[in-house]
């Protein structure tokens, strides 16, 4: 039986209709702004996010790194939530590319306006690094896919403006946040100077993210995309997947959320597992292995031998992520397998 792959929502395969859309895409040279499929994707997502302009880039990590270059200067400080992707999962790129350092606030990936206010350091201080940017991740990956409360988002961004601090939304899974919260992408993105969304996660595309904001910062972002080696030519083949996904894969995101809840509800009561059901708001389930349980690598290996693929997210932390290539029946089977493993300790 084929393995049930819950390692990430990036493991999805493009469907046959998506592949057909890619094969038939009209293309041109995007470096000259002449790829009609790329231009259509950028225009459509700029409108959906309520921004003036957008830029198609190869990955969410590149989108984050470009945003740092646009919104900060070397030596600046960026305020982020605990265990943010931009800190934990980008190979130290922020220090190498933008020359910034981070100030971590809050718990579980979320924080509040008073946390930013306490962390803020003025630009004219002779010792401290200047706080130039606050970055919010929504949904928050290592926080278990939690949706960042929009009331807190608004207050944080209002505080940032009063402190002359720029704002960035790492919205790699913003489509999931919008589906879970029942609000538009534009509402979630409105308070921010720049926002990114990933197409290669919940929407099932093989490649790509989009960075959106004002016309001037996106023009600067285009130059940094080139600097980072992310400029593409006939990229419409990839952008067409995004256009197909926006037409066909948005409404079904709630299915992924229901499947994640199905798994979490089965695992939460088990002895030796620590799982906060309040964090299971979208398509990510994170649980911790207690005393007497195997470590994460051993648990993941045992699950793999039983046909369920998971990610070890720390020495005793495991992540399961639902997506469009796993069904409710498969998630139920995966939950059965993980339950058997846990009960065998």
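The values are calculated or read from the model by the stated rules, or taken from the named source; none is laboratory data. Predicted, not measured: the structure shown is a model, and the values here were computed from it. All Cβ positions, even for glycine, are placed from backbone atoms using ideal geometry, and neighbour counts span all protein chains on display.
Mind checking which residues of region 5-38 are in contact with a strand residue (DSSP E or B) (Cβ under 8 Å, 6 or more places away or on another chain) and assigned to a loop (DSSP other than H, G, I, E, B)?
6, 7, 8, 9, 11
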Inside region 88-104, the number of residues satisfying the requirement of being surrounded by fewer than 19 Cβ atoms within 10 Å (Cβ to Cβ) and in contact with a strand residue (DSSP E or B) (Cβ under 8 Å, 6 or more places away or on another chain) is 5
When residue 82 is run through (1) crowded, with 19+ Cβ neighbours inside 10 Å; (2) touching a residue at least 60 places away in the same chain (Cβ under 8 Å); (3) within 19 Å of the chain's Cα centre (by Cα), the failure sits at (1)
Residue hits (region 105-122; in contact with a strand residue (DSSP E or B) (Cβ under 9 Å, 6 or more places away or on another chain) and loosely packed, with under 15 Cβ neighbours inside 10 Å) are 107, 118, 122
Taking region 39-77 and keeping residues outside any helix (DSSP H, G or I) and more than 16 Å from the chain's Cα centre (by Cα) leaves 50, 51, 52, 53, 54, 55, 72, 73, 74, 75, 76, 77
Flagged in region 133-165 as surrounded by fewer than 23 Cβ atoms within 10 Å (Cβ to Cβ) and either more than 30 Å from residue 317 (Cα to Cα) or not assigned by TED's automatic domain parsing to the domain that holds residue 106 (or both), in numbering order, are 154, 155, 157, 158, 159, 161, 162, 163, 164
Say whether the condition of being assigned by TED's automatic domain parsing to the domain that holds residue 241, at pLDDT 95 or above, over 21 Å from the mean Cα position of the chain (by Cα) and under 23 Å from residue 162 (Cα atoms) is met by at least one residue in region 92-113.
yes
Exercise. Would region 1-20 turn up any residue that is modelled with pLDDT under 95 and over 27 Å from residue 237 (Cα atoms)?
Worked result: yes
| Taking the condition outside the structural domain of residue 313 (by TED's automatic domain parsing) and within 24 Å of residue 311 (Cα to Cα), does residue 44 pass? | no
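Going through region 177-186 one residue at a time, which ones are buried (at least 18 other Cβ atoms within 10 Å of the Cβ) and more than 18 Å from residue 63 (Cα to Cα)?
As a first pass, look at region 177-186 and keep what is buried (at least 18 other Cβ atoms within 10 Å of the Cβ): 177-181, 185.
Within region 177-186, 177, 178, 179, 180, 181 meet the criteria.
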